[in-house]
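I have placed the structure first, in the form of C-alpha cells, so that the comments after it can refer back to it.
The values are calculated or read from the model by the stated rules, or taken from the named source; none is laboratory data. All values derive from a computational prediction rather than experimental measurement. Glycine also receives a Cβ, built like all others from the backbone with ideal geometry; neighbour counts cover every protein chain displayed.
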Amino acid sequence: MPLDIDIKQNNYNISVRLSKVTELLAAVHMLSDNNHYSFDTTWAKHALDNISPESKEFLNKLSALNFPGLELFDFITREGIYDDIPLFITKLEHYSGLDFLHIILDEKLSKEQLISAQRDEHIFHSLADEIPWVLKGSDCFLKYMFMNTEDYKNSTIKLLNEIYHSAFEEKLEELQHKYEDSIEALKQRLSGRNPIEVGEEIKGAKFSVKNSFREYIFSPSYFFHHHNIISYNKNTYLMIFNINIDNSFDDGEAERLSDLLKVLSDKTRLEILRQLKRRPTYGKILSSRLNLTTATISRHLDQLKKINLIREDKQNNVKYYFVNSDEVEKLFDGIRKFISNR
C-alpha cells in the first residue's frame, strides 16, 4: 500500500501523503510538554535523552508558545519541501533571523515594525499586544524572539536536527502500516468530494478562507495526537490530520464532557477565559475589569483550575493566570468528535 496517493480533479490536484517534515514539526510540539506525549512516553523519553542540554532548555522555553512547532508550518508550504528533512533544514539556515521571525509571526508585523521593536522596548510591548495568539505565557520568550532573532533561528534549527537524529526515522518506519491505513481511508473519504468540505469535517469547523487552491495536501500525523491542523498559502492547502481518529467512545465520555460544560456554563467563567486568552493577568485586575470582588474571582478561578483550563504561575510574588490552550482545544475537539460520532 502506498504512502502517497494522487487524485486528479479538473483544476487542482489532491495528494494524500505522509510528510516527514510535518511529522518532525509535530514531534517538536509533542516533546514541548509532557502532557503532549502521554500516549508514547517510550519514544518521547528516548528523544529527550538524546538531545543536548541546550536543545532541551530551548524546548522548555518553546512551551511558552501557544502551539510549539506549528509556527514553522508556513515554511513547508513556502518551500514546498515535505519529505527531505535535511534539505528543509538547509533552507531554514538561508533565512536571516529577521526574515525567519517575520514568517514565524505569520507576517502580521512588517519587518520595519520588528526592527523598531528591537530598538525600542516600548514599541515591542505595543506590538506584543497585536499578536496575543502567539503566546500562552508571559512576554519573556517573545522578547527573546524579537531581540535575539539569529539565536532563536539557530536554536530552532539545532533542535530540529537533534530530534531528527533521535530515532525519528525509525519511529516513522515502525508506524508505516498505520500511515498506510489512514491514507487509504482518507482517499476513500475524498472520492468525488470537495476537499475543503472533507477538511471541515475532520477539523470540525468551517474554513473561512475562500481561495481556489491549485493543490490540496492531506497528511496523516502520529505526533499531533489531539489536533488536526490547516496551513495554507495562495496556491496550497495543507491539512495534517490525526492518525489516531477513533469512532468509538468510552461509556463515560458523555458524562465527562457534561461535567466540563457545567463549569463553563457560568458566563463569568467564560469571560475570565476570554480575558486570559487575550493576555495573562492576576486576580486583582480581573476583579476590576469584571466589577466583582476578589473573593468571587478567586472562586471562579479555582473552578477553572479544577478542570485544567487555566494554570497559575507566580512572578515577582504575584500569581498570574494563564489559559491552558491545549486543554481548551482538547475540550472543543472532544465535543466535536462526540457529537459527530468521529
Residue count, region 308-342, condition touching a strand residue (DSSP E or B) at 6+ places or on another chain (Cβ under 8 Å) and either surrounded by fewer than 16 Cβ atoms within 10 Å (Cβ to Cβ) or in the same structural domain as HIS29 (by TED's automatic domain parsing) (or both), comes to 5
Can you tell which of ALA26, ALA64, ALA47 is crowded, with 16+ Cβ neighbours inside 10 Å, under 18 Å from the mean Cα position of the chain (by Cα) and within 30 Å of ASP181 (Cβ to Cβ)? ALA26
Determine the pairs where a residue that is under 19 Å from PHE141 (Cα atoms), located within region 155-167, has a partner that is surrounded by fewer than 16 Cβ atoms within 10 Å (Cβ to Cβ) and acidic (Asp, Glu) with Cβ atoms under 8 Å apart, the partner being 6 or more residues away or on another chain. SER155/GLU54; ILE157/GLU93; LYS158/GLU54
Which one is surrounded by the fewest Cβ atoms within 10 Å (Cβ to Cβ), of the residues in region 97-148 that are β-branched (Val, Ile, Thr) and within 25 Å of ASP326 (Cβ to Cβ)? ILE131
Exactly one condition in (1) farther than 30 Å from ARG336 by Cα; (2) at pLDDT below 90 is false for PRO132; which is it? (1)
Of everything in region 149-177, what is loosely packed, with under 15 Cβ neighbours inside 10 Å, within 24 Å of PRO68 (Cβ to Cβ) and not acidic (Asp, Glu)? Give them in sequence order. HIS165
Considering residues of region 299-342 that are at pLDDT 90 or above and of a type in the set (Lys, Arg) only, the residue nearest to ALA254 (Cα to Cα): LYS306
Just checking, does region 110-132 include any residue being outside any helix (DSSP H, G or I), in contact (Cβ under 8 Å) with a residue 40 or more places away in the chain and touching a helix residue (DSSP H, G or I) at 6+ places or on another chain (Cβ under 7 Å)? yes
Can you go through ARG193, ARG214 and tell me which one is over 22 Å from the mean Cα position of the chain (by Cα) and at pLDDT below 90? ARG193
Hey, among the residues in region 17-37 that are touching a Pro at 6+ places or on another chain (Cβ under 8 Å) and either part of a helix (DSSP H, G or I) or hydrophobic (A, V, I, L, M, F, W, C) (or both), which one's farthest from ASP74 (Cα to Cα)? LEU18
Do we find a residue being assigned by TED's automatic domain parsing to the domain that holds ALA167, assigned to a helix (DSSP H, G or I), closer than 26 Å to ASP313 by Cβ and touching a residue at least 12 places away in the same chain (Cβ under 8 Å) anywhere in region 102-109? yes
Using the structure shown, decide if GLU271 is under 25 Å from ASP139 (Cβ atoms), within 26 Å of the chain's Cα centre (by Cα) and either surrounded by 17 or more Cβ atoms within 10 Å (Cβ to Cβ) or free of Cβ contacts under 8 Å to residues at least 12 places away in the same chain (or both). no
Criterion: of a type in the set (Lys, Arg) and over 16 Å from LEU238 (Cβ atoms) - qualifying residue of ARG214, ARG189: ARG189
Residues in region 68-97 that are closer than 24 Å to VAL16 by Cβ and either without any contact (Cβ under 8 Å) to a residue 12 or more places away in the chain or part of a loop (DSSP other than H, G, I, E, B) (or both): how many? 7
Would a scan of region 305-324 turn up a residue that is in contact (Cβ under 8 Å) with a residue 40 or more places away in the chain and part of a helix (DSSP H, G or I)? yes
